[in-house]
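One structure is given below, encoded as structure tokens.
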Amino acid sequence: EAQVTQNPRYLITVTGKKLTVTCSQNMNHEYMSWYRQDPGLGLRQIYYSMNVEVTDKGDVPEGYKVSRKEKRNFPLILESPSPNQTSLYFCASSLSRDIDYEQYFGPGTRLTVT
Amino acid sequence: LAKTTQPISMDSYEGQEVNITCSHNNIATNDYITWYQQFPSQGPRFIIQGYKTKVTNEVASLFIPADRKSSTLSLPRVSLSDTAVYYCLVGDWFKVNNDMRFGAGTRLTVKP
């Protein structure tokens, strides 16, 4: 089954404790991205990746890191989480540029930083 | 950057047709218009995409006037399960400086 998976789905942590949210897709997509969703603000893009070893900042990259060492994986790293990073996070992937703009989203990771 | 404006919320009743309009006055020549649907606690789901005129699929229709400065998502005969947030996106996903952004969306509530 074609899908985007994220882990963990729920995470409660404390300020300053490094964490990684994993994202994996099995559709051989070149393009992957991370979003955060906060009430009243819609989805805001954190980082995106056009291909392996190619990443770039989105709208709200501060406090986050990403890496794209393999095509299927795009982990989101919070080196020193803070309470303002409490949010719902979505990973997404999409096909190559020759087709369409449909993004496939993961199920989301709800992060709480205390 | 093609900014989009949508109504914050809309109410409808089961069986009615719902039209959600999105304004994008500074849409660029290479930009496409894409709509997503999001249910609570789920990731957004692609609904429909278009460049100009009308596009129809099994879920919805998308109407785009000649000037492309707006677009209308049409949901025929909505049901309670269509209650969701609907996002309009405008942009060229494959530009190096990706400026596809999700706004706040339109929260559609379908009532019995």
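The values are calculated or read from the model by the stated rules, or taken from the named source; none is laboratory data. Bear in mind that the values here come from a model prediction, so they are computed numbers and not experimental data. Neighbour counts run over all protein chains shown; Cβ positions are idealised from the backbone, glycine included.
Restricting attention to the range A:73-84, does a residue exist that is assigned to a strand (DSSP E or B), surrounded by 20 or more Cβ atoms within 10 Å (Cβ to Cβ) and away from chain B (no Cβ under 14 Å)? Scanning the range A:73-84, I find at least one residue that is assigned to a strand (DSSP E or B), surrounded by 20 or more Cβ atoms within 10 Å (Cβ to Cβ) and away from chain B (no Cβ under 14 Å), so the answer is yes.
Scanning the range B:35-55 for residues that are crowded, with 20+ Cβ neighbours inside 10 Å and either among the basic types (K, R) or in contact (Cβ under 8 Å) with a residue 60 or more places away in the chain (or both) gives B:Y36, B:Q38. When A:R68, A:R36 are checked against the criterion of being part of a strand (DSSP E or B), charged (D, E, K, R) and more than 7 Å from chain B (Cβ to nearest Cβ), a single residue qualifies: A:R36. Selection within the range A:32-47: residues that are under 12 Å from the mean Cα position of the chain (by Cα) and modelled with pLDDT under 90. The member of this set that is surrounded by the most Cβ atoms within 10 Å (Cβ to Cβ) is A:L43.
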